[in-house]
Structures are given as structure tokens and as C-alpha cells.
Amino acid sequence: MLVLVLFFATVVSAENVEIRISDDPSARWTRTTLSQIPEVNDTIWIRSRVELPEARRATRMNAQPLALYFGALASHELWWDGVLLGRGGVPARSRDAETPGPIEVLYPIPDALATPGVHTVTIRTSAFHRGFHPKHGYWSIVVARYDRLLAAEKRSANRATIALSGILLTAVFAFAMYWLARRDRSFLLLGTLCLAAAALLIAEAWRPLVGYTYDWHIVRLRCIIAGSWLVGVQLVALAVTRFPHRFGRPVLLATSLAATAAPFFSHAYDPKSLYIFSICCSVALAWTIFAAVRRMHGSALALIGVGATTLALLFNPWGWVDNVVYFALLFLFVCLLCSHALEVRREQDERARLELEMVRRQLQPHFLMNTLTALSEWIEQEPRNAVRMIEALSEELRTLREFSNRALVPLGNELRLCRSHIANMSLRNDATYRLEVDADSSRLVPPAVFHTLVENATTHASAGVMTLSQRQRDGRVLYVFEAPASSEGETSSPGVGTRYIEARLREVWGDAWTFRQGRFGATWRAEIEVPA
């Protein structure tokens, strides 16, 4: 027997439930628990007793009205002391005759029936439209003050609404940042990840916000599983894209397969979603730790967000799906957005520095002095060659100006810059330089990278043929540049040109590139390998 405390809810417990299978009044009542009510092809009657305390009589004039909350994957008719409080759907003894009722409903209890003493709650139910075979059937009976039951429903809906608003706002910022920096797929992935999380939260909040008949419950559960998979896998995809490494694709593929297989290891639906998030959050956490160890930019904030989400999942796994997931994902996305925004700011500063470095290297006093000295001699001796030198220098500087604010340019434009420099240096040094190319001129490359290699070759070699070739292997592109090696010894420390090339490659591809150069006999060889 249950006693109602006016400040708290009274839940019908396991010891106070009796059931009777079929509508036959002579059938025997059996004591059981709500979680052990069987699934049968017939109607089920549920009976329990509730005791309202004498304290309610003393405060009855000022007392709030009472209500009875009933939640179940079943249609029902509900009586309080033999008086019909309401019905949800039409319970029946066959699938065709039954009409599905709401999964949860709140019935006010008239004051005339809510007197101190013992009361009997009787429910007639049937459940032919579940669409699956739940382990416990989700039975819940609660008696409490009407306003408190309403407030409990609103709290759940409010939590979902607040978290959903934050996640959608984060998505808007992510898409805006992608629009401003279109080459950064991380922002696009973050925006789509936020939309997937918003869809998951809508599915989670579907029941308290809108409600539905119980035959739609299986649809909602499947939407939650699909949303969990989409959010989890996209989180890993964002991590491996944001912090690239050559093992990124295999890790993403393995995670996707594991997350796909995880739901099959549990009959219940809450563990299915829990297993998916456990796998994906663990992989994302390991990847961000790996990025932090490599000291990749932005990894610290990302690690805080993913780490906090994983800890929330670890310490409250069974409350994750219903409550924790709302704000854990919101906090995670805010951390990822801040990490991305700070990285974009750093990249913008780095790009400005590179643009200044590119122009500065061409306007350095040593280069201008040698060029002007050679030009003055040609003006006196060979005016035509002087004109050609001025045209070549003008073309080189004009092309550099076009490149100054771009992160990628077509290889054909880069080669035009290289040939302008070769023409200039050929006239200035009175030597023959030639560049032979076997590469796709439409591919995009960082500006002035090959120009830097050509500049180094023409500075240190008296003359000769330079070659640039391109090969594709394992989803990557390899550029090979070869030039005659100078007779001077090469320093082991990287020069300004090498640092410029590495900075340009890092700006575009993060750490997903390699740059090697060295002397091989009479040839100086440089190799640049980048993603295709």
C-alpha cells in the first residue's frame, strides 16, 4: 500500500501491483512487479492501492489538486475507486480491435475522490502495436500534486529546448565560419555535426514536448539510434579532419564499422545508443590526446571538450541518453567552435606573415642591387636585352602581387612566375637556364613554393636544366624538383627558403605533407608530397 506525501510524488512500487490476464472476472489476480508484467496476446488488468495521509484532510482547503500520471507502451482505461478517470486509445483483445493510446498521460483526480484513506487504482490495458518486444514494457504509475507533475514534464522539455537552442546557434556560427574560410572543411563538418545532434535531441525530446501514441515509440527509438550513430561517427570524422594524420581514414572506417555493429550486442535500446557513444567518444578522445601530444594547434580546447563529454558518459552512463547528452554535446560543440575560431585567427596571422615574407624576399636589397646593376650594363651594351629584363622583372613582380593574398594557385600560374624568374636570371647571369615540366598545370599548389626552389637553383648553379615532375600514389601527389647542384657545400640548417616552403605547406595541409631535399651526386633533389 502506498502513502502519498504532499510534497513528493508517490510511485506505485513493485510490491503493490496485482495483474489479471483477460477480461474474465473470474480469472485469478497475481501479485507481481511493474517491470515483470508479461507480454501476452490479451488484455491485462493492473490493480494497486494508494493511501492518502490524514495530513491532507487538515490542509484540504489550501491543498493543490492531485493527479495521476500513467505511462506505458499500451492502450488503457483507468479507474480510481471504480470511477473512470480517462482512457487512452481503445484496449482490446486483438490487434485489429485495439486503437493505440498515448505513451504517457496525466489525469487530474477530482477533490471528491482524493479523500484521506486507501484508494484503488485499476487499469485495463492491451499492447498489440508495440512493433518490438521490450524487456520491461515501460510501465509507470505516479500520484502527486498536479502542479508538480506538470513542472516535471516542463523541466525535461525546457532542458532539451535550451540545449537545442545552443546547438543550433553553434551550427550557425560554424557555417558562417565555413563561408568565410571555405577551404576549411572542419567548420562544415562541425556545422553538420551540430545539425545531427539537433536532430538527435529533437528525437529525445519528442515525447515530453509533443507526445505520441505508443505505436510510434519504436520509430522514435530507431531515430535515436540512427542519430547517435550519425553524431558519434561525425565526431570522429571531425577529429581526424581537424587534426590530420595518415591513419585518419582507417581509424574513421574502423570506428564506423564498430559503431554499426554495437547496437546488435544489446536487446534494450538505451544501451544501444550508449555503446555507440562509448565507442565514438573513446576514439575521439584518443585522437585528440594524440593531437595534443603532437602539439597541434587548437588541440587543447578540443581535448577539454571531448574529455569532458567522455567523462560525463563514464560517470553517468544510464542518465546519458535522457539528460546528460543535452548539455554534454552543447559544451563539446562550443569548445570545438572556439578551437576552430582561434585556429583561423592564427592562420590569418600566419598568412599575413607569409604574404609579407613572399614580397620581402623579392624586394630584398641584395636581389634589387644585383638586378639593377645588370640592368644598367645591358642598357649601355644591349638595349634590347635590357627591355627583356625589365619585362621579365615586371612580369615576376606582377605575378607575385596577384599571389599575395591567396593560399592556393593553379600550378600553371606558379610556373609562369618561375619562368619569369628564369628569364630574368638568364639575362642577369648571362647563362642558360631551362625548366622542363611534366605535371598537371591545373592542380592547386601554395604560391611561390616552386618559385623558391627555382630561385635557389638559379642562385647557386651557373646554368643548367631544371625539371619538375608529378606522380600520384596511394591517394597522394608527389612533386619532384631536380636541378644541377652547386659546387659549394650545403648547410645542414634550413634556410629562409626552406622555412617559407614548410610554412606554406603547413598553412594548407596542416601536418599531412612531407618535404625532403638533398644532394644526390651532381643533382639537387627536392620532394614535396601532399594529399591528392
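Numbers below:
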item	result
Residues whose placed amide H lies under 5 Å from that of LEU85, excluding near-sequence neighbours	LEU78, TRP79, TRP80
3J(HN,Hα) from dihedral phi, the stretch 239-251, Karplus parametrisation 6.51/-1.76/1.60, rounded to Hz, x for glycine, proline	5, 6, 7, 5, 10, x, 7, 5, 8, x, 5, x, 5
Cα→Cβ-extended label distance, 7 Å offset, between TRP179 and GLU507, nm	2.5 nm
Listed peptides 31-42, 140-151 by packing density, highest first (mean Cβ within 10 Å)	140-151, 31-42
Amide H partners (placed H, <5 Å) of ALA144, local residues excluded	THR10, ALA67, TYR69
Over the stretch 150-349, relative contact order from alpha-carbon pairs under 8 Å, at least 6 apart, %	23 percent
Long-range HN-HN contacts of VAL445 with modeled amide H, under 5 Å	VAL409, LEU411
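Only the coordinates and a few stated rules stand behind these numbers; no lab work does. What you are looking at is a predicted structure, and each value in this text was computed from that prediction instead of being measured. All Cβ positions, glycine included, derive from the backbone under ideal geometry; neighbour counts span all protein chains shown.
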